[in-house]
Amino acid sequence: MAICKPLNYNSLMNKRFCISVAAACWAVGCINSSIHVPYTLQLPFCRSHNINHFLCEIPIFFHLSCQDTWSHELSMYITACTLGLIAFILILFSYIYIISTILNIRSTEGRHKAFSTCASHLTVVSLYYGPLMFMYFRPHSRNSPSTERTVSVIYTVVTPMLNPIIYSIRNKDIKVTIQRTLNMQV
C-alpha cells in the first residue's frame, strides 16, 4: 500500500483493517494449533524425555514418540504446505503488483528507492521462510538434531534481530552515524 497507493495509505490501512488482519492471523494460528497440539500431547514417549532442542516444536516430539506418527506428520505437512503456500502466494502477488507499480515510476531515483525498500523486505521474508520451510517440510527420516537447532535459531533469533537492523540502515542519519563510527575506528 505504501508503494502502490502512497496517498491513500492512511485511509486504506486504518486501525479497523489492521485489527481485522491481525485477528485473522491469530484465528488461523489458533485453529492450526488446536488441531496439532492435542494429538501431540497424547503421544506415548518411550525414549528419553529430554528434548535436545531449543524449542518444543511438534516435529521434535515425533522423534521422541514410540508410536507411528506418520498420519500426524502427513497432516502437519499438508497444513504447513497449505498455510505456507497461501502466505507465499499473497507475498508473490503483492510483489508482482509492487514491481509493476515501481516500473511505472518516472524518476530513476524514485524507482531505486522503491526497489531498495522492497529488497530489504524480501531479504527479511527469505531469511524467515527459507529456514522455516527447511524445518517443517523435511521428511522425518532426515532427522539431525544439530541441524534442526541451528535452523530454529535462524528463524526465531536471527531474523527478528536482523529486521530492525536492515530497516534502520535505510535511515540516512543511521547511515551517517555508522560511517562516522567506522571511519573513527580505521
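Since every read-out is calculated from the coordinates, none of them should be taken as a lab result. What you see is a predicted model, and the numbers here were worked out from it, not measured in a lab. Note: ideal-geometry Cβ built from the backbone for every residue, glycine included; neighbour counts use all protein chains shown.
Brief remarks follow.
- This ranking places Ile35, Ile78, Ile58 by how few other beta-carbon atoms lie within 10 Å of each, fewest first, which gives Ile78, Ile35, Ile58.
- Distance between modelled label sites at Leu43 and Cys118, nm, 7 Å Cα→Cβ extension: 4.1
- Taking Rg and Dmax of the Cα atoms in Å as calculated from this structure, the corresponding entry among [x] 14.9, 43; [y] 18.8, 59; [z] 21.2, 66 is [z].
- With a simple spin-label model that places each label point 7 Å from the Cα along the Cα-to-Cβ direction, the separation between Val28 and Tyr9 comes to 2.4 nm.
- Set Lys15/Lys113; Lys113/Lys172; Lys15/Lys172 screened for pairs whose C-alpha atoms are more than 19 Å apart: Lys15/Lys113; Lys15/Lys172
- Projected label points at Ser75 and Val157, each 7 Å from Cα along the beta carbon direction, are separated by 3.3 nanometres.
- Computed about its Cα centre, the charge dipole of the chain is approximately 800 debye, with only Lys, Arg, Asp and Glu carrying charge at their Cβ.
- Note on Ser120, Ser168: ascending count of other Cβ atoms within 10 Å places them as Ser168, Ser120, the fewest first.
- Taking Met135, Met13 and counting other C-beta atoms within 10 Å, the order from fewest to most: Met13, Met135
- Residue-by-residue Karplus 3J(HN,Hα) for segment 26-36, coefficients 6.51, -1.76, 1.60, Hz, glycine and proline x: 5, 5, 5, x, 5, 5, 4, 5, 5, 7, 8
- Extension gain (nm, one decimal) between Arg180 and Ile19, 0.36 nm per residue minus Cα-Cα: 53.9 nm
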